[in-house]
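The values are calculated or read from the model by the stated rules, or taken from the named source; none is laboratory data. This is a predicted model, so every value here is computed, not measured. When we count neighbours, we look across all protein chains shown, and the Cβ atoms used for this are built from the backbone with ideal geometry, even at glycine.
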Amino acid sequence: MFTQFMQAQIRNGSNNGSNDSGSTPTSSTPSSPPAASSAPPAPSGAPPISPATQGMVQDQAKSTPPEITSAKPYEGKLNTETIVTADLESIIMPDGSNKIYMAAWYNGKKAKLFDITQYALNSDAMLADFWLNLINENQGSSLYFHNWAGYDAILSLIPLVGLHEHGLTFDPIIQNNQIISLTVFQEIKGKKRKVLTIRDSLKLIPGPLGKLAKDFQVETQKDHFPHYFLLNGDVSKTLLYAGPLPAYEFFEPKRTTLEDYADMVKEFKEKDWKYLEVSKKYILGDVKAQYQIIIKYFNTLRDTFPINPLGLLSAPGTAFKIWRTVQLFAFIK
């Protein structure tokens, strides 16, 4: 059922979807070339055009790229009130799979957190509530995950599309077999309304979240967490763990240095390290740092270039939009 649904959505998205990602706009072309028999007669004395030659001309016309048009400079104000960030946390199981145990969102004013200890360790039930709550409390918002296309969509999409009984329908934008954007609609009082648009901030601002937080010098910096920590393959025991700080081997060296670990050893020298408590602090720090990075990035773009960055989907698309607005518009003008 899910596969059929996504195939249908992909077809609809490729036929009807439009976006402001900076991609070259498509131009309308005739659905089929005129038949050879309907072509006007050749001028007197000119050799007749063979069907093969006529086909070559038609093929060449089809392959002609659409015209790149300039974009008018944006003069309005940047409204970031509808931006929301979200994140998932998972336990890496012995077989390498990911068990989602926590989810959170943040809109600059309010944060909401969910964990599977409230759902009898059922990840799908937790994620269904997460999505419903997020949509209900952030109607019409733009939601950003940092690596939505490569991680979060894979792990949370099925619980989302399973909410069709709530009148939800979906319009994805597919690129390289990844869902880089997903617009969520809901049937409300007989009208189809857009209630959420999910995007990937990693496509817009490439780089690890921790490094971006440092580079953008935002208030909230990314914390450290032992993603490979699992007590005897038992999720419930792991979630309830309270004791010494897990060994350095359970952390990722690319994210946590020995110096970082030494600081944590000092922090937890005289108190227990508690898995759920630390997880909550960690995920809330992530969504807040991500939010602060996105807001600062969008404001910097708006202050530097006459564009509206809201709705852009990737770094190349952003660069293309700037070129169309600044250089091409000035040249044509």
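What the table shows:
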read-out: Any hit, region 284-294, residues being over 20 Å from residue 199 (Cβ atoms) and either surrounded by 21 or more Cβ atoms within 10 Å (Cβ to Cβ) or touching a residue at least 24 places away in the same chain (Cβ under 8 Å) (or both); value: yes
read-out: Selected residue [in contact with a Gly (Cβ under 6 Å, 6 or more places away or on another chain) and among the acidic types (Asp, Glu)] from 187, 165; value: 187
read-out: Filter pass, residue 171 being among the charged types (D, E, K, R), over 26 Å from residue 284 (Cβ atoms) and modelled with pLDDT of 95 or more; value: yes
read-out: Residues that are over 17 Å from residue 286 (Cβ atoms), outside any loop (DSSP other than H, G, I, E, B) and touching a residue at least 24 places away in the same chain (Cβ under 8 Å), drawn from region 134-152; value: 135, 137, 141, 142, 149
read-out: Residue identified as farther than 23 Å from residue 85 by Cα, in a loop (DSSP other than H, G, I, E, B), of a type in the set (Lys, Arg) and in the same structural domain as residue 298 (by TED's automatic domain parsing) among 254, 237; value: 254
read-out: Region 106-133, subset in a loop (DSSP other than H, G, I, E, B) and within 22 Å of residue 312 (Cα to Cα), residue nearest to the chain's Cα centre (by Cα); value: 107
read-out: Residue in region 195-218 that is in a loop (DSSP other than H, G, I, E, B), touching a residue at least 60 places away in the same chain (Cβ under 8 Å) and farther than 18 Å from residue 298 by Cα present; value: no
